[in-house]
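The values are calculated or read from the model by the stated rules, or taken from the named source; none is laboratory data. Not measured: the values here are computed from a predicted model. So basically every Cβ, Gly included, is an ideal-geometry build from the backbone, and we count neighbours across all protein chains shown. Each accessible area value is taken on the protein alone, full model and side chains, heavy atoms only, with ligands, DNA and RNA left out. Shrake-Rupley method; radii C 1.70, N 1.55, O 1.52, S 1.80 Å.
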Amino acid sequence: MKSFREFGIDVPEILLPKDADISTWSVIACDQYTQDESYWDSVKRTVGSKDSTLNLILPEIYLNSPDRDERVGRIRAAMKDYLARGVFAPAEREFIYVERTTAFGRTRKGLVAALDLETYEWKPFSSALTRATEATIVERIPPRKEIRRGAPLEIPHIMLLVNDPDHSLIEACGARVRNGVPAYEGNLMLGAGSIKGWAVRDERDLDFLHDALSAIRKKNAQDDGSVFLFAVGDGNHSLATAKAVWDEHKASTGLTESPVRYALVELVNIYDEGLTFEPIHRVLFGTDGARLLEFLRSDLGGTVRQCGAEEMEASVRNSRASFGFVYKGLSGRTEHAVLETDITDLAVSRLQPALDDFIRSESSGSDSVEIDYIHGSDEVLRLGGKDGAVSVMLPPVAKDSFFATISARGPLPRKSFSMGEASEKRFYLECRALFS
């Protein structure tokens, strides 16, 4: 079997449940529905007493709950119990090719692999093979370390993006294996769609993947000789936690090779037609729209054009460097405007630092300007019509400049994009042995 270490990944030893029903075994990523306890109550009712990944994770809605330590203890006990009772089939050294059809009719393809944490770095301006896409909040790592440290199993919800406009890796792999018998298939709970997975372990298929990765690596080589191969799409803090736990384990044991050195991830092509990138819009409270508009025009360059609501939306959606504004004018009427710029990076990478500067310049004492992050154009229009509020609509995320922007400018600002709707996020399914 060829080594994939030069690409910062390895063929993992996958644990799959023997007889589990996917609709109760598989549970959505723990960092979803963090303000919706009713969702997680529905998950508990759906699972009931069945074996499920729900018992192996800590939904982040409970991350700061008073009984967190007890919850972590129950997770550890469930992991040991599942291993002892033979819930899993024997581990197989394989990639898993995944097809996930969401409730919105979109099908996303992926490849489950083991990421070498020695080749990943979340700090800005890294030259690592795998890099963060958004700023990492260091304070979020310690509580997550408590969950991973010493855990017998890991279950992934991390998604890594690969820059493959030719669809030569994941989609091409699927064409080779998807006519075979799936390793698993089923519907996902609470109307979240369905999923199928095929084992990829045949030597010819592994050779094909190795060759495809070699070509992508060559195309993504940087001027300084480094290669930006994978970008973290979802699960940035979970991956940063995995690296912190490995660094701690390496320092305490002196080991350079261990299952802890790796993290299970799903590789997804950024150009996958089933992968939607939605911009996250901004709304500022406690300020004046005309003043913000002039500040940004001066900072970002470009021209301002007053227009109607429909024209504003159309102009922003059909651009990669225009911003829409909704605010109350001097007459008390709701105004709509477009700032058209010549920005070539991802628009949010230039906008957010300018907004931060504006907020600092406008805030003094108790009179502070506040910012919030919103999804959907309807909310942009609604909130911008309120007194003292200014909505800023962002253009679509340009996939073709995604890797280049991060390479040049480092991780994107907070709340830069959303990969689909909440129910489209990764569901836990495959497992891997971690600490023995």
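Couple of notes before you dig in:
- The number of residues in the range 253-302 that are part of a strand (DSSP E or B) and either out of contact with any Pro (no Cβ under 9 Å at 6 or more places or on another chain) or basic (Lys, Arg) (or both) comes to 7.
- Positions within the range 81-122 being farther than 19 Å from residue 14 by Cβ, within 27 Å of the chain's Cα centre (by Cα) and part of a helix (DSSP H, G or I), in sequence order: 118, 119
- Within the range 205-248, the set of residues being basic (Lys, Arg) and under 21 Å from the mean Cα position of the chain (by Cα) comprises 243 only.
- Which listed residue, of 21, 36, 41, is without any contact (Cβ under 8 Å) to a residue 24 or more places away in the chain and either surrounded by fewer than 17 Cβ atoms within 10 Å (Cβ to Cβ) or in contact with a Leu (Cβ under 9 Å, 6 or more places away or on another chain) (or both): 41
- Of all residues in the range 44-77 being of a type outside the set (S, T, N, Q) and closer than 13 Å to residue 25 by Cβ, the one that is surrounded by the fewest Cβ atoms within 10 Å (Cβ to Cβ): 48
- Residue in the range 405-412 that is part of a strand (DSSP E or B), under 20 Å from the mean Cα position of the chain (by Cα) and crowded, with 21+ Cβ neighbours inside 10 Å present: yes
- Set 263, 240, 251: member being modelled with pLDDT of 95 or more and surrounded by 13 or more Cβ atoms within 10 Å (Cβ to Cβ): 263
- Under the condition of being under 13 Å from residue 107 (Cβ atoms) and assigned to a strand (DSSP E or B), the residues counted in the range 186-196 number 3.
- Residue 97 vs. criteria open to solvent by less than 20 Å² (accessible area, probe 1.4 Å) and either more than 24 Å from residue 245 (Cβ to Cβ) or touching a Leu at 6+ places or on another chain (Cβ under 7 Å) (or both): yes
- If the condition is being within 15 Å of residue 339 (Cβ to Cβ), of a type in the set (Ser, Thr, Tyr) and touching a strand residue (DSSP E or B) at 6+ places or on another chain (Cβ under 7 Å), then the range 285-310 contributes only 303.
- Residue within the range 204-217 that is touching a Phe, Trp or Tyr at 6+ places or on another chain (Cβ under 7 Å), basic (Lys, Arg) and at pLDDT 95 or above present: yes
- Selection of first residues in the range 409-436 that are over 20 Å from residue 197 (Cα atoms) and of second residues that are charged (D, E, K, R), restricted to Cβ pairs under 6 Å at least 6 apart or on distinct chains, gives the following pairs, ordered by first then second residue: 411/134; 412/134; 416/134; 418/278; 419/234; 434/154.
- Top-ranked residue in the range 57-80 [being out of contact with any Cys (no Cβ under 7 Å at 6 or more places or on another chain) and in a loop (DSSP other than H, G, I, E, B); ranked as farthest from residue 431 (Cα to Cα)]: 66
- Complete set of residues in the range 236-260 that are among the aliphatic types (A, V, I, L, M) and either touching a His at 6+ places or on another chain (Cβ under 9 Å) or in contact (Cβ under 8 Å) with a residue 24 or more places away in the chain (or both): 239, 240, 242, 244, 245, 255, 260
- Within the range 306-335, the residues that satisfy the criterion of being closer than 29 Å to residue 405 by Cα, open to solvent by 20 Å² or more (accessible area, probe 1.4 Å) and in contact with a helix residue (DSSP H, G or I) (Cβ under 8 Å, 6 or more places away or on another chain) are 313, 320.
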